[in-house]
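Visitor: Attaching a single structure in structure tokens format; questions to follow.
The values are calculated or read from the model by the stated rules, or taken from the named source; none is laboratory data. Everything quoted here is computed from the prediction, not taken from an experiment. FYI the Cβ positions are ideal-geometry reconstructions off the backbone, even for glycines, and counts take in every protein chain you see. Each accessible area value is taken on the protein alone, full model and side chains, heavy atoms only, with ligands, DNA and RNA left out. Shrake-Rupley method; radii C 1.70, N 1.55, O 1.52, S 1.80 Å.
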Amino acid sequence: MLLITNAEAGSNDEESLERALAVLRGAADVEVAATANQGELDGVLHRRGGRQIVVAGGDGSLHAVVAALHRRNELADAVVGLVPLGTGNDFARGAGIPLDPEDAARLIVKGDVRPVDLIVDCLGEVVVNNVHIGVGAQASHNAKTWKKPLGRFGYAVGAAIAAVNPPFVRVRIEVDGVEIADFAHPILMVAIGNGPNVGGGAAITPEADPEDGKADVMVSFAVGPLARIGYAVRFKRGDHHRRADVRYLRGSTVSISGQSYYCSADGELYGPERNRTWHVERAAFSMPLP
């Protein structure tokens, strides 16, 4: 196995990593490669041969490895295991991967290797877990300030700040060529989910499944003050997608165009954008899963 970890990981992560390695090395030879940037990651992947990859890190680390493999046209044949060591670990939570490092390592050794979907945009950028715009992206932007002192609770603080002055957007949204929103109706947020969770367990697309071949799309039109409060309450309960002012559906291709907006994809913020399309690549790579 080739285990890839973040060279800037803290002491707590190093202790967790050693626990996972004790399990993995009981079943296979394991090389540990700590990378600090894209160049180092590419160098490690260049010499991986046919070895199984294990990512020891959070959603950002998983995204970086999957994106690099996709860019190198090596993703289809890859088996990628995950030992969650990050702050949010949203993909792991949604896929049922244990958050305990030893249990996650046992899953890598004995789990069922199954194909996993990937979302890819029109520029070739990948989304392993979830991409969203509107108040959710603004919350992610705000959470950057709070993530270091508060960990995964930083997203809750960022969301609260964004809720005070939410960035409504006017965009046109198409799912599989069918218009589901237009410029006449401002939108609080849009989420496109391969997995259900963001921000350390907030189920933004609660029914998303990375093995079903579809992206879950959630569009909230809850822009009034009372509507936003009601939406926030239901969001916390995980059933906001059943509100009358929310559209929730599944599709293979999603296009968003119109007023400029920022995107938060797997926790990384980018933009402003005016037109972007995402599609699902079914069974893009494989993972040991429960």
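Visitor: Which value, in Å², gives the accessible area per residue of the chain when a 1.4 Å probe is used on the protein heavy atoms?
Guide: I get 44 Å² per residue for this part.
Visitor: Still on this structure, I have one more. Would you mind giving the three semi-axes, in whole Å and largest first, of the ellipsoid equivalent to the stretch 156-290 according to its Cα gyration tensor?
Guide: Whole-Å semi-axes of the equivalent ellipsoid: 23, 19, 15.
Visitor: Is the shape of the stretch 190-260 rounded, prolate or oblate, going by the alpha carbon gyration tensor and its root eigenvalues a ≥ b ≥ c, with a/c under 1.5 for rounded and a/b larger than b/c for prolate?
Guide: The shape class here is oblate.
Visitor: Separate question: Which whole-Hz couplings ³J(HN,Hα) result when phi for each residue of the stretch 228-233 is put into the Karplus expression 6.51 cos²θ - 1.76 cosθ + 1.60, θ = phi - 60°, listed in order with x for Gly and Pro?
Guide: Values per residue, Gly and Pro as x: 5, 5, x, 5, 4, 5 Hz.
Visitor: Specify the angular offset, from 0 to 90 degrees and rounded to the nearest 10, of the alpha carbon long axis of helix 154-164 from the longest principal axis of the alpha carbons in the chain.
Guide: Roughly 10 degrees, rounded to the nearest 10.
Visitor: Accessible area of the chain with a 1.4 Å probe: how many percent of it is carbon plus sulfur?
Guide: So the carbon and sulfur contribution to the accessible surface is 51 percent.
Visitor: Computed from these coordinates, which is volume of the Cα convex hull per residue in Å³: (1) 116; (2) 249; (3) 131?
Guide: Answer by label: (1).
Visitor: If you don't mind, there's one more thing I want to ask. Return the calculated 222 nm mean residue ellipticity for the chain, to the nearest 500 deg cm²/dmol, obtained by summing -39500 (n - 2.57) across DSSP H runs with n ≥ 4 and dividing by the residue count.
Guide: The per-residue figure over the chain is -9500 deg cm²/dmol.
Visitor: Using per-residue counts of other Cβ atoms within 10 Å, averaged over each peptide, order 112-118, 210-216, 178-184, 63-69 from highest down.
Guide: Going by the mean number of other Cβ atoms within 10 Å, highest first, we get 63-69, 210-216, 112-118, 178-184.
Visitor: Please state the shape class of the stretch 45-97: rounded when a/c is under 1.5, otherwise prolate if a/b exceeds b/c and oblate if not, all from the C-alpha gyration tensor.
Guide: Prolate, since a/c reaches 1.5 and a/b exceeds b/c.
Visitor: When the solvent-accessible surface of protein heavy atoms is calculated with a 1.4 angstrom probe, in what order do SER264, SER255 fall, highest first?
Guide: If we order SER264, SER255 from most to least accessible, we get SER255, SER264.
Visitor: Right, next: Rounded, prolate or oblate, given the Cα gyration tensor of the stretch 1-134, with a/c below 1.5 counting as rounded?
Guide: Rounded, because the longest to shortest axis ratio a/c is under 1.5.
Visitor: Next question, about the same structure. Kirkwood hydrodynamic radius for the stretch 1-80: how many Å is it when counted over pairs of different Cα atoms?
Guide: About 12.8 Å for the stretch 1-80.
Visitor: If you average 1/r over all unlike Cα pairs in the stretch 64-130 and invert the result, what Kirkwood radius do you get in angstrom?
Guide: Hydrodynamic radius (Kirkwood, Cα pairs) of the stretch 64-130 is 13.0 Å.
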